[in-house]
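The values are calculated or read from the model by the stated rules, or taken from the named source; none is laboratory data. All values reported here derive from a predicted model rather than from experimental measurement. Every residue, glycine among them, receives a Cβ derived from its backbone with ideal geometry; neighbour counts consider all protein chains shown. Note: areas computed on protein heavy atoms with side chains; ligands, DNA, RNA excluded. Shrake-Rupley method; radii C 1.70, N 1.55, O 1.52, S 1.80 Å.
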Amino acid sequence: MNCFRLLPILLLAAGTAMAQTPAAASAANSLPTPPPETKSFDLSAMDKTADPCTDFYQYACGNWIKNNPIPADQTRWARSFSLLQERNRYLLWQQLDAAAKTPKTPLEKKYGDFYAACMNTPLVEEKGIKPLQPALKQIGDLKDSRSLAPLIGALAAEGNTAPLFRFAIGPDDKDSSKEIAEIAQSGLSLPDRDYYLSDSKRFQDIRKQYVEHVARMFTLAGDAPDQAQKEAEAVMKIETAFAKASTSRTEMRVPENVYHIYSVADFQKMVPDFEFEAYFKDIKVGKFETLNVATPNFFKALNDLIASEPVEGWKSYLRWHTIHGSASNLPKAFFDENFAFFGKTLAGQKEPTPRWKQCTAMTDGALGEAVGQDWVKNNFPPAAKASMDQLVAALEKALGDDIKDLPWMSDETKKAAAEKLAMIRNKIGYPEKWRDYSALTVERDDLIGNQRRSVVFARNWNLGKLGKPVDEKEWSMTPPTVNAYYNSSMNDINFPAGILQPPFFDFKIDPAVNFGGIGVVIGHEITHGFDDHGSKYDGKGNLREWQTAEDRKAFTERTGCEVDEYSGFEAAPAHDGIAAQNLNGKLTLGENTADNGGLRIAYVALLDTLAAQGKNINDQIDGYTEAQRYFIGFAQVWCQNQTEEAARQLALTDSHSPGRWRTNGSVQNFDEFGKAFHCTKGQPMYPVKSCRVW
Ligand SMILES: [Zn+2]
């Protein structure tokens with residue numbers, strides 16, 4: 001998960017609860033409780049007073065939405081995703097808590113100690129800001145802007161937050177068998193460049209509150225108030241310059257926009273004031289002659305900024321990122337201040353996430369394949385993998401049939417699409433080979449040290465790939481994760497064990513509901529190989545056109561239909577002088593295409609499955625036809641509530657549409673839905689004109 005090209009493509013945003021931010025040393029010490037089970041098909045979730053042909057999301061989810069307010073420690077609460085996430089986290093917590101108390105293996109000792117160090121809040125208080133002092137001293141000693149490179153290198157070498165840009169090793173877009181060096185823009189603290197650049201009153205207010213927050217954090221770190229204020233303004237100035245130089249998320253989605261191979265020498269000439277050789281040496285990356293500079297304009301602007309910004313400004317900026325980057329692991333005063341801005345103000349979260357949840361997530365993040373290998377032993381039966389193999393095969397066959405029948409595509413392109421489809425690799429449950437963590441030292445009394453060492457460990461693991469063949473067996477998600485992804489460079493679909501459970505995957509229930517759940521998820525990921533981004537890559541994962549010029553034109557017209565359609569959907573309403581926030585149809589295009597394709601091909605796969613069992617799509621179970629159960633099961637995956645702040649933030653930053661539009665947008669583009677619910681042509685969910693790509 002090293003790339004900047006928005007790879008891999010997830011089923012939903014990673015860390016959708018934006019409370020990825022911080023752990024609390026605070027109030028948040030409530031005890032874990034086992035979460036309730038979620039049914040795959042729940043009649044009580046429905047609002048039967050709503051008309052399915054007018055607003056299907058309200059019909060399938062209305063009662064659930066009314067009866068399930070957002071818990072205080074969440075910003076988004078989704079019937080399927082959140083409840084399963086909570087359940088998986090609880091099971092993982094049990095494992096970590098036991099390992100922290102009485103470890104039975106060296107691996108249990110390692111992750112148990114990591115978890116225990118995170119839970120030791122009295123020690124966090126006692127240490128105060130001391131663990132950051134060496135880094136803050138190095139920053140304080142910065143003599144001139146030209147010395148930034150060795151300083152950033154030295155900070156990064158120790159696992160400290162080293163902003164400015166992202167550097168990693170990843171597959172070459174044009175030769176996916178090769179791992180190459182890549183560098184891209186970074187350096188912001190707010191969620192998106194719009195937060196710095198938009199003139200709207202809302203963003204002006206947020207910027208003002210942000211500067212106040214930064215100043216308060218400096219004050220907590222011991223700076224005098226007037227000094228803290230000056231420093232905060234310098235941070236804002238530098239980050240705003242970075243925001244101006246940054247390429248937008250929408251533009252970053254276009255593979256050609258982020259592929260620029262430079263020789264190291266030419267790249268260095270473009271950024272003469274930042275000595276990359278020193279930085280590369282510090283982080284101990286091997287020798288390379290060329291690299292992909294994803295965002296050249298950003299680096300030109302970085303050089304101008306290094307040349308023009310006084311050294312005091314850089315010190316403030318780096319000091320800020322050092323403190324901010326560790327805020328969740330510092331004493332309560334820092335934690336609370338950080339939560340008040342990033343949790344409450346930006347995302348609308350009322351209370352901090354309980355410490356045990358934060359520490360469980362942190363341990364999973366740092367030692368995912370260590371905790372994961374024990375987690376799957378208890379929580380992922382081998383039979384589930386065999387059933388998934390069958391389902392994936394059914395979905396791939398359905399897309400193959402769909403391609404054959406596409407009215408707008410030439411035979412030549414159909415052949416190329418079928419070839420790509422046949423080359424998709426399926427990865428189910430967990431990696432064949434687990435990562436070896438023996439080089440990572442974990443100390444039971446050193447939370448911040450553990451975090452830093454795990455950052456260095458993960459980077460070394462990534463840098464070690466340079467010049468080697470791409471490892472097709474690698475995973476970018478840990479086994480308990482409730483999510484899935486497609487990776488364009490690998491041309492593979494990946495389903496962690498965490499999502500292969502009820503309510504997504506439940507073989508106690510009829511196939512229609514399972515196809516509406518995990519079937520659509522599988523179809524979604526396969527379709528990513530053929531969305532506006534994935535379709536630019538061939539079966540080997542290389543950026544190469546395989547559609548004829550005419551077919552590409554027709555494809556772009558069809559995706560344009562979805563861009564316009566989803567741009568018309570509202571994410572948050574206008575009120576009190578704040579403008580309404582619509583979705584960005586371009587940012588969400590790939591996900592919307594995958595949702596639409598997934599719903600269509602899972603339906604075709606269901607028809608095949610029912611036919612093989614001698615059943616019919618119009619057969620009834622408990623008063624609903626198989627088709628109706630399929631669509632209701634699908635919609636109920638997406639029932640959710642979210643804070644207005646989160647809705648507005650995600651509309652700018654998340655490539656996924658919110659649940660309402662993932663549901664209604666998909667069904668209104670698929671005529672089989674209107675037929676299943678006996679809608680009249682022209683009703684909102686059964687429109688006369690609709691969009692279709694696949
Ligand atoms: Zn997706």
> Only one residue in Glu419, Glu396, Glu412 is touching a Gly at 6+ places or on another chain (Cβ under 6 Å), modelled with pLDDT of 95 or more and of a type outside the set (A, V, I, L, M, F, W, C), so which one is that?
Replying inline: Glu419
>> For Lys377, only one of the following conditions fails: (1) modelled with pLDDT under 95; (2) more than 27 Å from the chain's Cα centre (by Cα). What is its number?
In response: (2)
>> So for segment 654-670 (the condition being part of a strand (DSSP E or B) and under 26 Å from Leu84 (Cβ atoms)), does at least one residue qualify?
In response: no
> Can Ile518 be described as within 16 Å of the ligand (Cβ to nearest atom) and either surrounded by 20 or more Cβ atoms within 10 Å (Cβ to Cβ) or not polar (S, T, N, Q) (or both)?
Replying inline: yes
> Can you tell me how many residues in segment 148-162 are open to solvent by 10 Å² or more (accessible area, probe 1.4 Å), of a type outside the set (Gly, Ala, Ser) and closer than 22 Å to Ser308 by Cβ?
Replying inline: 2
> Within segment 600-620, is even one residue away from the ligand (no atom under 15 Å from the Cβ), under 30 Å from Ser44 (Cβ atoms) and in a strand (DSSP E or B)?
Replying inline: yes
> Would you say Trp434 is within 24 Å of the chain's Cα centre (by Cα), among the aromatic types (Phe, Trp, Tyr) and surrounded by fewer than 20 Cβ atoms within 10 Å (Cβ to Cβ)?
Replying inline: yes
> Which residues, counting only those in segment 117-141, are in contact with an Asp or Glu (Cβ under 9 Å, 6 or more places away or on another chain) and open to solvent by less than 20 Å² (accessible area, probe 1.4 Å)?
Replying inline: Ala117, Ala135
> From the list Asp172, Asp199, Asp205, Asp223, which residue is within 13 Å of Asn292 (Cα to Cα) and acidic (Asp, Glu)?
Replying inline: Asp172
> Within segment 553-562, can one find any residue that is in contact with a strand residue (DSSP E or B) (Cβ under 9 Å, 6 or more places away or on another chain), within 16 Å of the ligand (Cβ to nearest atom) and either open to solvent by 30 Å² or more (accessible area, probe 1.4 Å) or touching a residue at least 24 places away in the same chain (Cβ under 8 Å) (or both)?
Replying inline: no
>> The conditions are (1) assigned to a helix (DSSP H, G or I); (2) closer than 23 Å to Gly313 by Cα, and Phe267 fails exactly one of them. Which is it?
In response: (2)
>> With the requirement that a residue be of a type in the set (Asp, Glu) and away from the ligand (no atom under 16 Å from the Cβ), what does segment 645-659 give you?
In response: Glu645
>> For a quick check of your reading: which helices (runs of 4 or more DSSP H) sit entirely within segment 112-213 and have at least 3 residues that are under 30 Å from Lys344 (Cα atoms)?
In response: 121-127, 133-140, 194-197
> Glu312: in a helix (DSSP H, G or I), within 29 Å of Asp172 (Cβ to Cβ) and of a type in the set (Asp, Glu), yes or no?
Replying inline: no
> Hey, among Asp223, Asp205, Asp273, which residue is in contact with a helix residue (DSSP H, G or I) (Cβ under 6 Å, 6 or more places away or on another chain) and acidic (Asp, Glu)?
Replying inline: Asp273
> Does segment 166-199 hold any residues that are within 27 Å of Ala243 (Cβ to Cβ) and charged (D, E, K, R), and which are they?
Replying inline: Arg166, Asp173, Glu182, Asp192, Arg193, Asp194, Asp199
> So which of Ser80, Ser40 ends up being of a type in the set (S, T, N, Q), farther than 30 Å from Phe298 by Cβ, within 16 Å of the ligand (Cβ to nearest atom) and at pLDDT below 95?
Replying inline: Ser80
